[in-house]
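Notes follow the structure.
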Amino acid sequence: MNTIISGRVRKLVSATLIQPWIWPIITAPKVQLSTLSTEPVIASKKPFKVELVCGKRHSWCTCGHSKKQPFCDGTHKTKTQGLMPQCFIPEKDSKTWLCGCKYTANPPYWDSTHKQEFIQSALLSENTDS
Ligand code: FES
């Protein structure tokens, strides 16, 4: 009497019988192995006044870890998972305010989100201001 089993079941049975150490790996739920943050940290509880140059590419830090706030210094590559700077090119020279809390709804510009309680009551990381 022959029993028909699919290739996947055959491999599973084979792996279970031949290599029992692999069973926890096969049956383990998918987990996130990285401990890097996917959420920004609050760099500042107030916006940054900056001078933007027409035609120059600017990279606004979205992760909050940069030491060159409000602009990116590349720290997101080692401190976060999936966060990237927001690049923009102004169409004219201007003095403006860029978001420091990283929770603006109008990035990279400030929108008063920093005045909300969850920002004002938050602890800041070691390389940020108050
Ligand atoms: S350092 Fe924050 S986005 Fe690059």
Open item on the list: Using 0.36 nm times the number of residues separating SER112 and SER94, minus their current alpha carbon distance, what extension gain do you get?
Closed with: 4.5 nm
Open item on the list: Which one, CYS99, MET84, HIS114, is farthest towards the positive end of the dipole of the range 46-130 when Lys and Arg carry +1 and Asp and Glu -1 on their Cβ?
Closed with: MET84
Task: Cβ charges +1 (Lys, Arg) and -1 (Asp, Glu), total dipole of the range 48-120, debye - done: 220 debye
TODO: Over the range 36-91, with every protein chain in place, what whole percent of the accessible area is carbon and sulfur at 1.4 Å, could you tell me?
DONE: 52 percent
Open item on the list: Under 18 Å between alpha carbons, and skipping anything fewer than 8 positions from LYS92 in its own chain: which lysines qualify?
Closed with: LYS49, LYS56
- [ ] Provide the solvent-accessible area of CYS54, counting protein heavy atoms only and rolling a 1.4 Å probe, rounded to the nearest 10 Å².
- [x] 70 Å²
Task: Computed log₁₀ I(q)/I(0) - Debye formula, equal Cα scatterers, no solvent, the range 66-111, q 0.16, 0.32 Å⁻¹ - done: -0.49, -1.32
- [ ] Any lysines with Cα under 21 Å of the LYS79 Cα? List them, leaving off those in the same chain fewer than 8 positions away.
- [x] LYS45, LYS67, LYS68, LYS102
Open item on the list: Accessible area per residue for the range 55-130 in Å², computed with a 1.4 Å probe and the full protein assembly in place, what is it?
Closed with: 61 Å²
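The values are calculated or read from the model by the stated rules, or taken from the named source; none is laboratory data. Everything numeric here is computed off the predicted structure, so don't read it as measured data. Because the Cβ atoms are built from the backbone with ideal geometry, glycine has one as well, and the counts that use them run over all protein chains shown. The area values use the complete protein model at the heavy-atom level, side chains included, leaving out ligands, DNA and RNA. Shrake-Rupley method; radii C 1.70, N 1.55, O 1.52, S 1.80 Å.
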